[in-house]
1. Scan region 244-262 and give yes if some residue there is farther than 23 Å from Val146 by Cα, of a type in the set (Ser, Thr, Tyr) and outside the structural domain of Val146 (by TED's automatic domain parsing), otherwise no.
2. Name every residue in region 204-225 that is in a loop (DSSP other than H, G, I, E, B) and either without any contact (Cβ under 8 Å) to a residue 24 or more places away in the chain or farther than 26 Å from Gly96 by Cβ (or both), in order of residue number.
3. Please go through region 248-299 and pick out each residue that is farther than 30 Å from Thr237 by Cβ, among the small types (Gly, Ala, Ser) and at pLDDT below 90.
4. Find all pairs meeting these conditions: Cβ atoms under 6 angstrom apart; at least six residues apart or on different chains; first residue within region 2-30 and of a type in the set (Asp, Glu); second residue at pLDDT below 90 and part of a helix (DSSP H, G or I).
5. Looking only at region 130-157, count every residue that is farther than 30 Å from Arg263 by Cα and surrounded by 15 or more Cβ atoms within 10 Å (Cβ to Cβ) and tell me the total.
6. Select, from Ile51, Ile93, Ile27, the only residue that is modelled with pLDDT of 90 or more and either small (Gly, Ala, Ser) or outside the structural domain of Arg287 (by TED's automatic domain parsing) (or both).
7. Looking at region 187-203 only, could you name the residues that are closer than 14 Å to Gly243 by Cβ and assigned to a helix (DSSP H, G or I)?
8. From the list Thr228, Thr233, which residue is hydroxyl-bearing (Ser, Thr, Tyr), out of contact with any Phe, Trp or Tyr (no Cβ under 7 Å at 6 or more places or on another chain), assigned to a helix (DSSP H, G or I) and modelled with pLDDT under 95?
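The values are calculated or read from the model by the stated rules, or taken from the named source; none is laboratory data. Predicted model only: the values in this text are computed from it and were never measured. Neighbour counts run over all protein chains shown; Cβ positions are idealised from the backbone, glycine included.
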Amino acid sequence: MNIRHLEHLLAVAETGSFSRAAERAHITQSALSRSIQALEEDLGGRLVDRIGKRNELTALGQDVVARARSVVRGADELRRNAMLFRQGDGGTIRVGLGSGPGAMLMTPLLCHVAAYHRGVRVEISRGSTELLRVQLRSRELEALVVDGRRIAPAPDLRIEPLGEMRTGFVCRADHPLAARRTVSLEDVLEHPVATTPLSDEVARLLVEQYGSRADPNEMATLRCEDVTSLVETVSRTQAVFLGIVTAAREQIAAGTLVELRLRPAMQATARFAYVTLAGRTEAPVMRLFRSFVTQRLRD
């Protein structure tokens, strides 16, 4: 018995077909059949019953498959650790970024790696927290940086808080509200409000502080996952951005956007998290990414 035999059995169990399993394993169907037969001979019992055009696991087969998954995962992790050891300071940063982190990290990360780490590759996925979590679990990604309030704790996830960042309302420097010393929520709601999908906890905090009109489901008129697009829209229109003030820091520093002084001052904050698979060895190159994230996600 070897790891390949177990991988072939798992392929048959997951596809329900010798032909599809052989295609997945990149071998011929006859070679797959011989592999399964060798495993059956080694274990002393039949693992798969062929019933017409269908293939079903026997009771022994079901037990072997349940145990084989952990064995194969362990072998994959062993191969991966050896690869990481060989890579040294090279390798690929495969990460998923939520809406806020994406606006603050993506371009600076690409520039940083291009300038200082020529041996490193970067692959970034953007999307909803739910989609990124699926990609992490399927091992397409090494880590996520997302809204900590929008990811539920789970035994297979390591969720590390990255701190909190101030949120507020931002508009164009020549916006009618920009000249006022303070503004109320009612003043803001006279204009389109642009924001990302907000967690239930943030929505609750806003409603507690400002009343029912602050419910993001009612208040937001422009909503998407891409903060960069929202900030760009605000810079071209009379819309007001609700979100992490730091996401617009370059435009604020340039004087094209300004932060509004809301009364009373907003208490809700953005809370980010660094998410990885529990028990998975961190690639050396990911230490570079983790350090970069820690430095950038600050007010």
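1. Checked against the condition, which is being farther than 23 Å from Val146 by Cα, of a type in the set (Ser, Thr, Tyr) and outside the structural domain of Val146 (by TED's automatic domain parsing), region 244-262 yields at least one hit.
2. Correct list: Gly211, Asp215, Thr221.
3. Gly279, Ala283
4. Sorted first by the residue in region 2-30, then by its partner, the pairs are Glu7/Val72.
5. 11
6. Checking each option against the conditions leaves just Ile27.
7. Val188, Val202, Ala203
8. Thr228
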